[in-house]
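What follows is one structure encoded as structure tokens, with my remarks underneath.
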Amino acid sequence: MAETGAGRNRTVRPLLAAGGVAVVTAVSIAGGIVWGANGPAAEAAPADAFAAAPGCDAVGSGAVESVAPSAVLVSAERGPLVNADAGGCAWSSVDVEDAAPRTLQVDFTAHFTDKAGETSGEQAAAEEMRRLAPVGELDGAAPVAALGEDALMWPSTAVRGAAEVAFRRDNLVVRIWYGGDEDADGAALDYEDARDRAVAVAEELAAAL
């Protein structure tokens, strides 16, 4: 029997969503482990508000369920960066029967004051946000006032219809990636919907931090 258009969407879009997780995690976590291997793991200075990247439990189960019902934790990574500590978590409902295939990923980077004491962790985090700004602008980024003056949201280039959000708390930078389908029949989320849900998760996480 020939596969219907809806069936093809159901097959292809979850693969894209899963691929998006692989792309984001590989860049933010695996790369950091390689850089950290060049020297001893960095340690936070007394003035650094976050002495380590938060764990996956920092993202409440209610926040995950609200945007990706029935999603399960599929990836939890940690690794040292140069003068920083990073962690990343991903939840997916792609392989959950009768659930809309969606993926939520949250990456944390806690920047530390450098050994010379010339650049604080907070300054390093602010610099990361400045580096993200022009990249995001190319993809139609917009500010998110509720998350801070340097917070941004923009359409993801990894998966069609997905959204990314980045914000900072002191020396911690948080990046959120969210995308998938509206329902189990393969109807795609549009960017505006994905963006609003990603921002909602970001706001709940920011309040918890």
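Accessible surface calculations at 1.4 Å, restricted to protein heavy atoms, place segment 56-208 at 43 Å² per residue. Note on segment 147-209: Cα Rg divided by 2.2 N^0.38 Å, N the number of residues, gives 1.17. Measuring nothing but protein heavy atoms, the accessible surface of segment 54-99 at 1.4 Å probe radius is 49 percent carbon and sulfur. The three principal axes of the C-alpha atoms in segment 56-208 carry coordinate ranges of 55, 29, 25 Å, sorted with the longest axis first. For the peptides 178-187, 162-171, the ranking by mean Cβ contacts within 10 Å, running from highest to lowest, is 162-171, 178-187. Sorting 79-87, 147-155 by their mean Cβ neighbour count within 10 Å, with the most densely packed peptide first, gives 79-87, 147-155.
The values are calculated or read from the model by the stated rules, or taken from the named source; none is laboratory data. Given the structure is predicted, the values throughout are model-derived calculations rather than measurements. We place every Cβ from the backbone using ideal geometry, glycine too, and count neighbours over all the protein chains shown. For accessibility, only protein heavy atoms count, side chains too; no ligands or nucleic acids. Shrake-Rupley method; radii C 1.70, N 1.55, O 1.52, S 1.80 Å.
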